[in-house]
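Structure first, commentary second.
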Amino acid sequence: MTRNRYFSLALAAIFLVGAMGVAGWACSEGNNTTVKCTRDEDCPDGQQCVSGNCQLPGDPGPKICSSTSECPIGYECVDGVCKPYGDDEPDGGGEDGGDEATGDGDEVIADQPGDEGADEDTRDFSHLNFTVAVRRGGTSGPASQCVINVKPGVNEGPVLPDVTLAGGYTLSGTVSDGAAVAGADVVLLADRPACVPAATQTDGGGGYTFYLPGGNYHLQVTKPSGLVAHERVNNFSSNTNVNISMPATADLTGGPLTADGSDLNGWTVMAWYVSGQFGGKLAHAGVITGPPNNAVTGMFTIPLPESTTFDLLGKPPSGDNTHPLQVLYEGVDTGSVLMAQPVTAGATLSGTISTSGGTGAPGCGVSLVNTVDPRLVAEGESVTNGAYQALVKAAKRWKVTVTPSGAAFNTGALLYAHPDLFIPTDQQADIELAEGEQVVFSGKLVDTGGSPVAGAEVRLLISQAFLEEGDYSLCDTEWVESGADGTFEITCNLAP
């Protein structure tokens with residue numbers, strides 16, 4: 001599914017050869033049937049006997065396999081050789097690959113009543129494992145959720161089994177800090193954000209509501225001022241009311257932040273819990289250094305929950321192309337005295353993102369996440385001609401992903417990933433997005449009673465791990481809506 005490459009990725013020729021190789025794995029005179037042999041004389045003119053199979057000189061020959069997962073899409077592993085599905089002619093069949101009764105390899109036999117039809121796609125996609133993400137409005141019926149381990153049937157083409165959605169319960173409450181807090185952002189934290197309802201804001205009375213299946217959830221609330229509160233909801237199995245109180249705070253003052261002898265204004269200083277039940281979670285979304293938020297240049301004052309330990313991270317203002325997001329102070333509490341803090345310059349990863357034809361691809365999403373500290377991230381988008389740039393902490397290792405733009409996806413572009421790229425200093429990485437096979441998968445949403453679920457937003461997420469640098473399958477990142485009969489269709493670009 002992946003292949004090795006480092007900075008310059010030139011894949012068009014590889015995929016062209018791969019496409020030609022599929023046709024060349026089984027030599028025949030018309031229907032991809034491998035001709036068995038013991039000597040060259042047993043083969044058609046121009047072919048030779050290699051490992052018991054006739055093939056053209058230079059042909060790679062049959063693709064050896066131990067399981068169907070090692071064969072290309074549309075092929076299965078039969079007796080250790082990749083063969084097209086439906087090619088079940090026993091060894092020793094007619095060498096011309098035609099109908100044995102007539103010997104006419106060009107004869108077309110009409111479909112009989114009850115035949116599935118020659119155009120039906122019966123390829124095997126059962127090795128793919130999908131998560132179906134569904135979002136719905138309202139507070140009744142099936143809830144917003146993910147259904148995992150959804151696999152097409154063996155030899156049933158790109159058709160998913162019916163996806164049954166569980167009913168849900170309301171999780172609601174109010175946010176207050178002695179009075180109702182209106183306009184606070186409320187999110188459900190999840191490894192896959194598509195699997196939970198979208199973020200909401202509290203109304204004028206501080207109220208919020210989500211509609212969810214049963215389970216365990218983590219709520220994060222951010223006041224307009226930036227102060228954050230957290231709440232865990234365990235074993236959620238009925239309509240539940242959870243009121244959230246913002247924590248009492250004490251001011252922590254620090255700085256100035258400096259670089260090259262100058263105090264730095266306009267930096268966002270944010271806080272993260274170090275340990276405890278909220279360890280690794282955001283505590284304050286950030287305050288800005290210097291005027292008008294602080295009378296002294298480069299200084300900051302951040303209100304933080306009392307009696308807790310924090311790391312403070314700093315993000316430079318827009319337009320600063322020298323300093324990346326970085327950790328400023330570690331393991332401090334509200335009683336700490338913070339001294340002047342110099343910030344460090346970063347390393348720039350830059351280059352051009354292109355499609356398999358070599359054309360620059362603007363609008364592609366670029367993400368870098370530190371492999372040790374996932375709070376350190378850099379995100380951006382390729383611009384005109386596909387140029388991109390990301391500024392990160394130097395001498396660190398990064399997980400890099402490039403998500404193709406909608407235009408690039410429509411041409412078959414795959415997701416690019418490098419799970420562990422070391423960036424010691426400024427460097428260039430030109431990334432060519434490989435082209436996969438575009439396949440439209442269809443499915444149907446039903447409730448627990450078997451009735452169709454119409455008007456739901458649906459996405460397909462492919463379950464896969466980024467084990468090495470290369471290109472990976474990707475389904476359309478845009479949500480589609482299920483029809484009146486609950487059906488949906490989603491295009492996926494599949495890696496070889």
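Restricting to segment 140-187, name every residue that is polar (S, T, N, Q) and under 30 Å from residue 122 (Cβ atoms).
Scanning segment 140-187 gives 149, 155, 164.
From the list 322, 308, 268, exactly one residue is within 37 Å of the chain's Cα centre (by Cα) and under 18 Å from residue 225 (Cα atoms). Which is it? Going through 322, 308, 268 in turn, just one is within 37 Å of the chain's Cα centre (by Cα) and under 18 Å from residue 225 (Cα atoms): 268. The numbered conditions (1) in contact with a strand residue (DSSP E or B) (Cβ under 9 Å, 6 or more places away or on another chain); (2) within 24 Å of residue 462 (Cβ to Cβ); (3) modelled with pLDDT of 95 or more are all true for residue 356 except (3). Of the strands (runs of 3 or more DSSP E) contained entirely in segment 254-311, those carrying at least 3 residues that are closer than 16 Å to residue 332 by Cβ and either aliphatic (A, V, I, L, M) or free of Cβ contacts under 8 Å to residues at least 24 places away in the same chain (or both) fall at 268-273, 282-288. If you filter segment 138-149 down to residues that are touching a residue at least 60 places away in the same chain (Cβ under 8 Å) and among the β-branched types (Val, Ile, Thr), you find that the one that is nearest to residue 219 (Cα to Cα) is 139. Among (1) charged (D, E, K, R); (2) closer than 25 Å to residue 425 by Cα; (3) at pLDDT 95 or above, where does residue 260 come up short? Tallying (1) charged (D, E, K, R); (2) closer than 25 Å to residue 425 by Cα; (3) at pLDDT 95 or above, residue 260 fails exactly one: (3). Going by the structure shown, is residue 438 closer than 27 Å to residue 122 by Cα and outside any strand (DSSP E or B)? Spelling it out, it is not the case that residue 438 is closer than 27 Å to residue 122 by Cα and outside any strand (DSSP E or B).
Looking at segment 395-406, can you tell me whether even one residue there is touching a Pro at 6+ places or on another chain (Cβ under 6 Å) and small (Gly, Ala, Ser)? Among the residues of segment 395-406, at least one is touching a Pro at 6+ places or on another chain (Cβ under 6 Å) and small (Gly, Ala, Ser), which makes the answer yes. Within segment 207-227, not a single residue is touching a residue at least 24 places away in the same chain (Cβ under 8 Å), basic (Lys, Arg) and not in a loop (DSSP other than H, G, I, E, B).
Yes/no matrix, rows are residues, columns are (1) under 27 Å from the mean Cα position of the chain (by Cα); (2) under 24 Å from residue 422 (Cα atoms):
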| site | (1), (2) |
| --- | --- |
| 297 | no, no |
| 303 | no, no |
| 330 | no, yes |
| 333 | no, no |
| 359 | yes, no |
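Identify, please: which residue in segment 137-147 is within 21 Å of the chain's Cα centre (by Cα) and under 12 Å from residue 167 (Cβ atoms) and is, among those, surrounded by the fewest Cβ atoms within 10 Å (Cβ to Cβ)? Across segment 137-147, the extreme among qualifying residues is 145. Among residues of segment 467-489 that are free of Cβ contacts under 8 Å to residues at least 24 places away in the same chain, those with a Cβ under 6 angstrom from a residue that is assigned to a strand (DSSP E or B), sequence gap 6+ or separate chain, pair up as 480/458; 480/488; 480/490. Whether a residue is surrounded by fewer than 17 Cβ atoms within 10 Å (Cβ to Cβ), among the charged types (D, E, K, R) and not assigned by TED's automatic domain parsing to the domain that holds residue 232 was assessed, and residue 162 passes this test.
Suppose the filter is part of a strand (DSSP E or B), crowded, with 20+ Cβ neighbours inside 10 Å and at pLDDT 95 or above; does residue 417 pass it?
The answer is yes for residue 417.
Scanning segment 348-392 for residues that are out of contact with any Leu (no Cβ under 6 Å at 6 or more places or on another chain), within 24 Å of residue 313 (Cα to Cα) and buried (at least 21 other Cβ atoms within 10 Å of the Cβ) returns 349, 366, 368, 391. Within segment 235-250, the set of residues being modelled with pLDDT of 95 or more and assigned to a strand (DSSP E or B) comprises 240, 241, 244, 245, 249, 250.
Within segment 461-468, is there a residue that is in a strand (DSSP E or B), within 13 Å of the chain's Cα centre (by Cα) and not aromatic (Phe, Trp, Tyr)?
For segment 461-468, residues in a strand (DSSP E or B), within 13 Å of the chain's Cα centre (by Cα) and not aromatic (Phe, Trp, Tyr): present.
Within segment 281-292, the set of residues being more than 30 Å from the chain's Cα centre (by Cα), surrounded by 15 or more Cβ atoms within 10 Å (Cβ to Cβ) and not aliphatic (A, V, I, L, M) comprises 289, 290.
Any residue at all in segment 441-453 that is under 20 Å from the mean Cα position of the chain (by Cα), of a type in the set (Phe, Trp, Tyr), under 25 Å from residue 159 (Cβ atoms) and part of a strand (DSSP E or B)? Yes - at least one qualifying residue is present in segment 441-453.
Conditions tested, residue by residue: (1) touching a Gly at 6+ places or on another chain (Cβ under 8 Å); (2) buried (at least 16 other Cβ atoms within 10 Å of the Cβ); (3) over 30 Å from residue 166 (Cα atoms).
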site: 394; (1), (2), (3): yes, no, yes
site: 428; (1), (2), (3): yes, no, yes
site: 440; (1), (2), (3): no, no, no
site: 469; (1), (2), (3): no, yes, yes
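The values are calculated or read from the model by the stated rules, or taken from the named source; none is laboratory data. Fair warning: this is a prediction, and the values are worked out from it, not measured in the lab. With ideal geometry, Cβ positions are generated from the backbone for all residues, glycine too; neighbour counts draw on all protein chains shown.
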